[in-house]
Amino acid sequence: MRSLNTLSEAAQQADALIFDCDGTLVDTIPAHLHALQVGFERIGLNFPAEWFHQNHSLTADALLQKFQDDGLGQIEDPKAVLAKHQVLFRESLHMLEEVSVIASIAREYKGKLPMAVASNGNRVNVEVSLEAVDLLPYFDAIVAREDVLHGKPEPDVYLEAAHRLNVAPNRCLVFEDSETGLAAGRAAGAKVIDIREYYQPAWQQAGH
């Protein structure tokens, strides 16, 4: 793992910081997985943990479509599944933990640089996740999936976040934890940091 000093030094070279939420600022993966497994069990389907860990960066709609495309089962009513997931996820907020190495950067640069969150998640989930770990007040803008035409790996969320911060995308530093998100940041013209070089979540350390 690389040093936290490297992250802070990179931030000093930027005019704005933009963070992904799930897996970058907040480790929401166990809570989302729990909610999905409970929800899928209720419709008679198994939701594999390993498969989710490989695909968690997708938008909700894309995740359900890939589940079917990969032959894991047919979902008769995707909208109902997603609606139930929202309820189950919010019942699982006690499982959330901040990603301390990245959260510390947000705390360090609050008031020094404009900062935003740009996520493939829906706004309510992003905001309740940040609020659950006391990070919501640190950000000047929140861009969620419903705010843009295309989710990651397209650059829309990062371009919109830069616009709301009134900073050119190439002067922004993006923090991401997935190939999908890193591709979106690069496509926006921003500098990107792969936080996996600095942090490994507990579920990954356990080999799940």
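Taking the range 12-31 as the range and being aliphatic (A, V, I, L, M), in a loop (DSSP other than H, G, I, E, B) and either modelled with pLDDT under 95 or under 12 Å from P201 (Cα atoms) (or both) as the test, only L25 passes. Please indicate, with yes or no, whether at least one residue in the range 63-84 is modelled with pLDDT of 90 or more, touching a helix residue (DSSP H, G or I) at 6+ places or on another chain (Cβ under 8 Å), charged (D, E, K, R) and closer than 18 Å to N120 by Cα. Within the range 63-84, one or more residues are modelled with pLDDT of 90 or more, touching a helix residue (DSSP H, G or I) at 6+ places or on another chain (Cβ under 8 Å), charged (D, E, K, R) and closer than 18 Å to N120 by Cα. The condition of being in a helix (DSSP H, G or I) and within 16 Å of the chain's Cα centre (by Cα) holds for only one of F40, F52, F67, that being F52. Among the conditions (1) modelled with pLDDT of 95 or more; (2) under 18 Å from T28 (Cβ atoms); (3) not hydrophobic (A, V, I, L, M, F, W, C); (4) not in a helix (DSSP H, G or I), E131 misses just one, which is (4).
E9 meets all of the listed conditions (1) free of Cβ contacts under 8 Å to residues at least 12 places away in the same chain; (2) assigned by TED's automatic domain parsing to the domain that holds E176; (3) in a loop (DSSP other than H, G, I, E, B) but one, namely (3).
Considering the range 119-128, the residues that are at pLDDT below 95 and not in a helix (DSSP H, G or I) include one that is farthest from L58 (Cα to Cα), namely N122.
Of R171, R123, R164, all but one fail to be among the basic types (K, R), surrounded by fewer than 23 Cβ atoms within 10 Å (Cβ to Cβ) and under 14 Å from the mean Cα position of the chain (by Cα); the exception is R123.
A141 satisfies every condition listed in (1) touching a residue at least 60 places away in the same chain (Cβ under 8 Å); (2) touching a strand residue (DSSP E or B) at 6+ places or on another chain (Cβ under 7 Å); (3) not acidic (D, E) except (1).
Residues are listed down the side, and each one gets a yes or a no for (1) on the phi > 0 side of the Ramachandran plot; (2) in contact with an Asp or Glu (Cβ under 8 Å, 6 or more places away or on another chain); (3) loosely packed, with under 15 Cβ neighbours inside 10 Å:
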{"site": "A16", "(1), (2), (3)": "no, no, no"}
{"site": "V26", "(1), (2), (3)": "no, yes, no"}
{"site": "E41", "(1), (2), (3)": "no, no, yes"}
{"site": "L45", "(1), (2), (3)": "no, no, no"}
{"site": "F52", "(1), (2), (3)": "no, no, no"}
{"site": "D69", "(1), (2), (3)": "no, no, yes"}
{"site": "E76", "(1), (2), (3)": "no, no, yes"}
{"site": "A80", "(1), (2), (3)": "no, no, yes"}
{"site": "Q86", "(1), (2), (3)": "no, no, no"}
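Among residues of the range 103-118 being part of a helix (DSSP H, G or I) and in contact (Cβ under 8 Å) with a residue 40 or more places away in the chain, the one that is nearest to L58 (Cα to Cα) is A103. The number of residues in the range 177-193 being outside any loop (DSSP other than H, G, I, E, B), under 13 Å from the mean Cα position of the chain (by Cα) and surrounded by fewer than 24 Cβ atoms within 10 Å (Cβ to Cβ) comes to 3.
The values are calculated or read from the model by the stated rules, or taken from the named source; none is laboratory data. Model, not experiment: these values are computed from the prediction. In this analysis, Cβ positions are derived from the backbone assuming ideal geometry, glycine residues included, and neighbour counts consider all displayed protein chains.
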